[in-house]
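For reference, the structure is listed below as structure tokens.
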Ligand SMILES: [Zn+2]
């Protein structure tokens, strides 16, 4: 892992999760911390090699792969953690991620691994959209909800760290149904992102791009395609499980991992909930099954 400088004050550490780095003299802040203690340790190594002292962690959202390194960095370097509301609740109580994946019940052991259950970390400051001072640099917190309830991006020096708003073509073509928690917000966020002109966009899971429009288009087409395909399946009433099973099969997916099942299940629920609230589909209770069907 190494630091890639973008401007005097902005850099990032490329990886499975790109870690944003803001620097001001020897003071520094990071945007997200990766999956676990090892990610935290690697970030520390890179920063120390550059003579940087970590003061602040900004978390974009509460998925385990974005805040799993918090615990190590907050404990060892006494870094303060900034996170948006809602996300902060999960970052300090990470069991809530597997809990919501398991419909609110105590999660089964398949959902208690580090990919969905990070170590808890304190959150020192709740961040709101708008201007924020971080290590004496002015940054702007940009709301980017959809992929996660209250996800935010960080704009600094005309560079936007845009978290998990967009995934690469490679990831989408492989996984077909990218995680979304709020489809309506996700569509609006993609629309807003499409109108943004910055010098550089740094998504968390793919290479930085100067123009985000191509990635937005791919993600928009994917989301609209899933909406269309779910509606096509609802020409007759179906349960959530039936919709999910038929959609996955038609996309050539063969789910074998329980955790993946639950992540996609949540995402399908997000789509069904969106279509229901948009009055495009209805609910029919039949033989103690909740069935979805197209609105007349
Ligand atoms: Zn995420």
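No value in this document is a laboratory result; all are computed from the given coordinates. These figures come from a predicted structure and were not determined experimentally. Note that we place each Cβ from the backbone using ideal geometry, even for glycine, and neighbour counts take in every protein chain shown.
Numerical summary
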quantity	calculated
Cubic angstrom per residue, convex hull over Cα atoms of the chain	127 Å³
Intensity falloff of region 83-206 expressed as log10 I(q)/I(0), Debye formula with alpha-carbon point scatterers, at q = 0.11, 0.16 Å⁻¹	-0.44, -0.92
Pairwise centroid distance, computed over Cα atoms, of region 86-126 with region 46-65, Å	20 Å
log₁₀ of I(q)/I(0) at q = 0.11, 0.15, 0.21 Å⁻¹ - region 1-147, Debye sum with one point per alpha carbon	-0.39, -0.72, -1.32
Of 217, 105, 83, the one that fluctuates the most in a GNM where the chain has Cα springs shorter than 10 Å	105
Within the chain, helix-based [θ] at 222 nm, where runs of 4 or more DSSP H residues each add -39,500 (n - 2.57), nearest 500	-11000 deg cm²/dmol
Inter-probe distance in nm under a simple model that places probes 7 Å from Cα toward Cβ, at residue 173 and residue 285	4.6 nm
Sequence of 60, 189, 256 once ranked by neighbouring C-beta atoms within 10 Å, starting from the fewest	256, 189, 60
Residue exposure sequence - 55, 97, 50 - by fewest surrounding Cβ within 10 Å	50, 55, 97
Rel. contact order, % - alpha carbon contacts under 8 angstrom, at least six apart, the chain	13 percent
Choice from 184, 146, 130 with maximal GNM fluctuation in the chain (Cα, 10 Å cutoff)	130
Rounded tilt (10° steps) of 37-49 against the dominant C-alpha axis of the chain	30 degrees
Theoretical gain in end-to-end length, residue 231 to residue 53 [0.36 nm per residue, Cα-Cα removed]	58.9 nm
Cβ-based exposure ranking for 41, 170, in which fewest neighbours within 10 Å come first	170, 41
Most mobile listed residue (66, 186, 103) in the chain, GNM with C-alpha springs under 10 Å	103
For q = 0.13, 0.15 Å⁻¹, Debye-computed log10 I/I(0) when each Cα of region 224-291 counts as one equal scatterer	-0.35, -0.47
